[in-house]
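None of the figures in this text is laboratory data; all of them are computed from the coordinates on show. This is a predicted model, so every value here is computed, not measured. Don't worry about glycine lacking a Cβ; one is built from the backbone with ideal geometry, like all the others, and counts go over all protein chains shown.
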C-alpha cells in the first residue's frame, strides 16, 4: 500500500504539490491522472525518495522508500525509460541492476522474455526505439518481482500489442494482490485498465474514487435519438434539467431524460423513432469536467 499524508512540495515560490493525501490500495489498479504541471511526476518522485517533501510524508507498505532494505524487490518503478546507460546492452543494464540486490541472472532472462526484448537483448540501449526503451524500463521495474508497481506512462511509444500486454499484465498483478499505481494521459486506455482513479490539478487532489463512482458524479448519460419528427419530440421532452443538442437533421443527443422515458413519450404521440441509443459518459468526459478549471497550460480552441 502507498499512503500519502498531507504531502507538499515547493520549488521556491512554486507550489508543485499542496497538502495531498491519498492511499493506493493493493489488489487494484489505481490510475493517476492530471494535466501537465498538475504535480503527478513530483508526487511519484517523492514516493520513491527522489524528491524530499517540503511537508507531510509518504510511505510504501508502512515505510519510507529510503528506509526499505531491498527496494528493488519491494517497489518496481518506471519514471523515466531513458534512465539507462546508452552504451550498455539491455541485458547488461538489467544484469547490473540485478547485481545490486543479489538477484540471479536467470531472473534477468525471465524479464527479458516477459517484456518481449529477447531479439534485442544484446543490442545497445542507446539505439532503441521509444517503444523498446519503454519495454526495457518495464523490465527493470519487474526485475525484483516487487509487490508494488509505480509506472509513469508505461504504454508511451508501445505498439498495440505492447499496450495490450501492459494492460493485461497490470490487471493480472492487481489480481494477485499487488499494489499498482499507473499514470497515463490515454483516457481510453485508463478506462479499460484502472479500478480506481486519483486526479490531481494544480498540485491538489480533485478526485479519489472508483471509476464507476467518478463516472456517475462527473458525467451525464446521453441518448442519441433519430426521428423524422425530432423537433416535435424535442419540444415534448423539454425541461429545466434537459439538454438537447441537434447533431444533424432529424438527429439529436439528449441529456437528462432516460431512453425508456423518451420512447414512452414518442409512442404516446405516435412519433416514429429510427434510433434510440443510450450512451454513458466516458472517463475522458469526467476527467475534462474535473480538470477544466485546473489546466495550467491552456491551448487555443480551434473553431
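Computed over the stretch 1-140, relative contact order equals 21 percent, with contacts defined as Cα pairs under 8 Å that lie 6+ residues apart.
Computed from the C-beta positions of residue 171 and residue 1 and an R0 of 25 Å, the FRET efficiency is 0.85 to the nearest 0.05.
Considering only alpha-carbon pairs that sit under 8 angstrom and 6 or more positions apart, the relative contact order computed for the chain is 21 percent. In the chain, the ratio of gyration radius to Kirkwood radius, Rg to Rh, stands at 1.09 when only Cα atoms are counted.
Largest mean-square fluctuation among 39, 144, 12, in a Gaussian network model of the chain whose springs join Cα atoms under 10 Å apart, belongs to 12. The angle between the Cα long axis of helix 90-100 and the longest principal axis of the Cα atoms of the chain comes to about 70 degrees, rounded to the nearest 10. Looking at the chain alone, DSSP beta bridges between its own residues are antiparallel in about 65 percent of cases. Comparing 132, 44, 97 in a Gaussian network model of the chain where C-alpha atoms under 10 Å apart are linked, the largest mean-square fluctuation is found at 97. Spin-label model, residue 204/residue 268: points 7 Å from Cα along the beta carbon direction are separated by 4.4 nm. If you sort the three axes of the alpha carbon gyration tensor as a ≥ b ≥ c, you get a/c under 1.5 for the stretch 220-279, which makes it rounded. Highest GNM mean-square fluctuation among 239, 34, 201, for the chain modelled with Cα contacts below 10 Å: 239.
Rg over Rh for the stretch 1-105 works out to 1.01, using Cα positions for both radii and the Kirkwood form for Rh. Straightening the chain between residue 246 and residue 277 buys 9.7 nm, computed as 0.36 nm per residue apart minus the Cα-Cα spacing.
The distance between label points at residue 232 and residue 113 comes to 6.9 nm (points 7 Å beyond Cα on the Cα→Cβ vector). Site pair residue 19 and residue 253 shows an inter-label distance of 3.6 nm when each label is modelled 7 Å from Cα along Cα→Cβ. Remark: the residue 213-residue 159 segment gains 16.4 nm on full extension, using 0.36 nm per residue and subtracting the alpha carbon distance. Any idea what angle helix 105-114 forms with the longest principal axis of the chain, computed on alpha-carbon atoms, 0 to 90 degrees, nearest 10? Around 20 degrees separate the two axes.
Once the chain from residue 88 to residue 52 is taken as fully extended at 0.36 nm per residue, the excess over their C-alpha distance is 9.9 nm. Under the criterion of Cα pairs below 8 Å and six or more residues apart, the relative contact order for the stretch 220-279 equals 51 percent.
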